[in-house]
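Visitor: The structure's right below; bear with me while I get my questions together.
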Amino acid sequence: MSSTPRDIGTLIVVILKARNLPNKRHIGKQDPYCTVSLNGEKRRTKAIKRGGQHPEWDEEIRFTLYEGTEPEPVAMTSDGTPPPPPPKKEKGPPTIHGGKYMGIACYAEDIREPDLIGET
């Protein structure tokens, strides 16, 4: 039985600005942008043209969070008796599907390949 995970809310990530970024361009100013990844989903901000080392994005990125589903226990009884009932779920906040980690990276946009400025 596969059921669709229940929507439990929206996580809003605000990418405001960066300060004192290392310069990845030798001539001119870099065009920085940020990527945010959560639960395997990856989104990015717009590149700030000639943003240099102190860019300001002021962008919102929204992720929908789903309730995590635990796999159902498999009955392994050989004598035909029903399996014991599952343990009662403790009250508390719902678990988030896919984990609890978010990664943020900043890149300098380039025609060939973006240069990684930093990540967390």
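Visitor: Looking at 52, 66, 38, which one has the Cα that reaches farthest to the positive end of the dipole of segment 1-70 (charges on Cβ: Lys, Arg +1; Asp, Glu -1)?
Guide: After comparing all options, I get 52.
Visitor: Also, I was wondering about something else. Under a crude label model (7 Å from the Cα following the beta-carbon direction), how far is residue 14 from residue 116 in nanometres?
Guide: Computed distance between label sites residue 14 and residue 116 equals 2.9 nm.
Visitor: What net charge is computed for the residues neighbouring residue 30, neighbours being all others with C-beta under 11 Å from the C-beta of residue 30, Lys and Arg scored +1, Asp and Glu -1?
Guide: With Lys, Arg at +1 and Asp, Glu at -1, the neighbours total +1.
Taken together, the values in this text are just the output of simple stated rules run on the coordinates, not laboratory data. Small disclaimer: the values here were computed from a predicted structure and weren't measured. Here the Cβ is made from the backbone with ideal geometry for all residues, glycine too, and neighbour counts use every protein chain on show.
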